[in-house]
1. Please go through segment 412-453 and pick out each residue that is within 31 Å of the chain's Cα centre (by Cα) and within 15 Å of L519 (Cβ to Cβ).
2. Is there a residue in segment 603-615 that is among the β-branched types (V, I, T), in the same structural domain as V553 (by TED's automatic domain parsing) and more than 17 Å from G245 (Cα to Cα)?
3. Looking at A52 and the list (1) surrounded by fewer than 20 Cβ atoms within 10 Å (Cβ to Cβ); (2) of a type in the set (G, A, S); (3) part of a helix (DSSP H, G or I), which single condition is not satisfied?
4. Determine which member of the set I405, I426, I382 is over 20 Å from Y508 (Cα atoms), modelled with pLDDT of 95 or more and surrounded by fewer than 19 Cβ atoms within 10 Å (Cβ to Cβ).
5. Kindly evaluate Y607 against the criterion of being in contact (Cβ under 8 Å) with a residue 60 or more places away in the chain and out of contact with any Ser or Thr (no Cβ under 9 Å at 6 or more places or on another chain).
6. Just name the residue that is farthest from S89 (Cα to Cα) out of those in segment 181-202 that are touching a Gly at 6+ places or on another chain (Cβ under 6 Å) and buried (at least 24 other Cβ atoms within 10 Å of the Cβ).
7. Considering only segment 73-82, how many residues are assigned to a helix (DSSP H, G or I) and either surrounded by fewer than 20 Cβ atoms within 10 Å (Cβ to Cβ) or touching a Pro at 6+ places or on another chain (Cβ under 8 Å) (or both)?
8. Report, by residue number, each residue of segment 452-493 that is crowded, with 18+ Cβ neighbours inside 10 Å and either of a type in the set (G, A, S) or outside any helix (DSSP H, G or I) (or both).
Amino acid sequence: MITLGSFSLYLAFALVVYALAASIIGILKGRERLQISAYRATLSTCVLVSVAVGVLWYKLFSDDFTLMSVAAHSNRSLPWFYKLTALWSGQEGSLLFWSWILSGYVAIAVWLNRKEHRQLMPYVVAILSIVQLFFLVLNVFIAHPFQQMAMNHNGQMMIQGPLDGQGLNPLLQYPAMAIHPPMIYLGYIGFSVPFAFAMATLLAQQAGEKWIETTRRWTMTAWLFLSVGVLLGGRWAYAVLGWGGYWGWDPVENASFMPWLTGTAFLHSVMMQEKRGMMKVWNMVLIFVTFYLCIFGTFLTRSGVVSSVHAFAQSAIGPYFVGFLGVSMLISGWLLMERLDYLRSAQQLDSLVSRESSFLFNNLLLLASCFAVLWGTLFPVITEAVQGTKISVGAPFFNKVNVPIGLLLLALTGLGPLFAWRKTSISSLKKNFLVPAILGLAVGAALFVAGVREFYPQVSFMLCAFVTVTIVMEFARGSMVIADKSGISTMQAAYTLTMRNTRRYGGYIVHFGMVLIFLGITGAAFDTEKEQELGVGERLALGPYEFELKQVVESDNANYASQHVELAMWSDGEVVDTLRPERRFYKTSKQATTEAAIRPRMNEDLYVIFSGMNDANQKAVVAVHRNPLVNWIWLGGLILVLGTVVCLVPSKPGLVAVRRKPTDPTADEDKEEDAVAA
């Protein structure tokens, strides 16, 4: 089986080399048969890498500890669920997993577009083959996933495989971690397809927006996966790391956040190119930067250049990523400069008070945030190179920069839909802004009376109200017209309206999800915590709650030994719940972990940590956190996913739009009220 896995990888490597060569020769010589054979080679590569992945999974489930990657990341007592995830828990397996997902993306992209884009596809296949080739070089020559224990010249084991493996990192033994890495990978790798189409457009010297239209759903799908991955990573940090928070501006967290920022900017700015033929160079730069940030994030995780609980240990793989990034950036930068004549915009910005300007400001803010995160992440590396000493920047720096940027972005989320394309008149501004502004100010006044005096939280709550009202008004305006004309309920009308223009109204749903995420993040300004040593019968008080230690319980199983405390939670003089925070000691890896006890509510989480026993007095060390509004983050994430899925659904065909003539002559079709009749 090991031979089969290795052979599949070597053959896949050879086929990718062939696909690259056949594509280039097919382009230069105009030989369509060579181009078709290159397409088939990419499909075969997907099959071969799938075989290699299947072999490694088989070895993990069969506990074959003669394979070094199995011995390092699995053991006999590991539940089957985590043996599945052990594939991507180590350097070799994760790179194989990356190659597998990439081969799937390539195969699907080629299969779906091979007939529609005959002139462009050979270039696309060549670009994707180069990316695939880079990762297969790592798989085959640098981090081979089928490396066995030492063998002699007769092929016999010099060192017998261990009776048991080292086991999966205890921090990864959490259900969300079975989904988080694949989501991040699907997001990272998904941006390869729009990157390849953008490069192909430059190489083929094709003007226009065809590559944007072709890759819009690819980009949105990659962005969706990356969004889910970031949210699941935050949930994992919250539930597993035991510090009471969900985002610590860790370098690897930042690595996934940066392409999310630039990908978000790209999704907004492409609308300007589609509508007005503007920002063609900008969009090329954005998709290039997003792809390179995905590769950069992979480099940070695997090189050991930064310290992170998420990263792999120090390895020699980093220089290969640096070389690939450097060469690719130079080539794409040169090509972009050479093709500037094909990317000249057909239109110019007509007014600062317009939909175009809101998208432009949105882009600038997203890139400013990305640059700040990149600078803070690399600052220790830069200072070590310059001064010989690592100087790290912590959460205060990132928060100081990104909080005001985030609030400005939130404001633009509400302002953008109220602007018309090209230019917005004063009368239109007054009409559209009056109700949202009044309700936003009313929320601010109510919070001030209630005692909320902190500037940023109050502004955030006001903006959340403002944006919510603008979104509701956008749905209500069209839905009421449809309901009046068709005689259906308002909810049915809202559904009809959404399905007639899924991209527009799905976007509003995504924006509402972001509002809820901002609400949850704002709640962190009101977090409180308390740590105390407790003996049996003693209590810890925090806010209106008291926590009484009832007992300390020890347990044991094949995977780990554990110790947890039972805490009775008192409120208004009665017990309302029992919480059981836990400490685990994993036997194989000799590592201890903290399992927080979380009592979730929509207004707040009560988050309890058991840090262990004080040997001096045999008291339990317990910390309790009150985290207001934190669950709105996860709810907002679900709504964001729903909205993105709606955007991906094609608008319903066969619907006839009936529009009311707008009172504002500068407003275009997106500012008119919609009515839909079958």
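The values are calculated or read from the model by the stated rules, or taken from the named source; none is laboratory data. Computed from a predicted structure; not experimentally measured. Positions of Cβ are generated from backbone atoms using ideal geometry, with glycine treated the same way; all protein chains shown enter the neighbour counts.
1. T413, G414, G440
2. Of the residues in segment 603-615, the ones among the β-branched types (V, I, T) are 608-609.
In the following step, the residues that additionally are in the same structural domain as V553 (by TED's automatic domain parsing) were identified as 608-609.
Pick out the ones that are also more than 17 Å from G245 (Cα to Cα) and you get none.
No, that holds for no residue.
3. (1)
4. Numbers: I426 fails: modelled with pLDDT of 95 or more; I382 fails: modelled with pLDDT of 95 or more.
Testing whether each residue is over 20 Å from Y508 (Cα atoms), modelled with pLDDT of 95 or more and surrounded by fewer than 19 Cβ atoms within 10 Å (Cβ to Cβ) leaves just I405.
5. Working: in contact (Cβ under 8 Å) with a residue 60 or more places away in the chain: yes; out of contact with any Ser or Thr (no Cβ under 9 Å at 6 or more places or on another chain): yes.
Spelling it out, Y607 is indeed in contact (Cβ under 8 Å) with a residue 60 or more places away in the chain and out of contact with any Ser or Thr (no Cβ under 9 Å at 6 or more places or on another chain).
6. Kept after step one, since they are touching a Gly at 6+ places or on another chain (Cβ under 6 Å), are these residues of segment 181-202: 183-184, 187.
So of that shortlist, the ones also buried (at least 24 other Cβ atoms within 10 Å of the Cβ) come out as 184, 187.
Values: I184: 13, G187: 18 Å.
Out of the qualifying residues, it is G187.
7. From segment 73-82, those assigned to a helix (DSSP H, G or I) are 73, 80-82; that's our starting set.
Next, only the ones that are either surrounded by fewer than 20 Cβ atoms within 10 Å (Cβ to Cβ) or touching a Pro at 6+ places or on another chain (Cβ under 8 Å) (or both) stay: 80-81.
So the count comes out to 2.
8. S460, A465, G478, S479, A483, A493 - these are the residues of segment 452-493 that are crowded, with 18+ Cβ neighbours inside 10 Å and either of a type in the set (G, A, S) or outside any helix (DSSP H, G or I) (or both).
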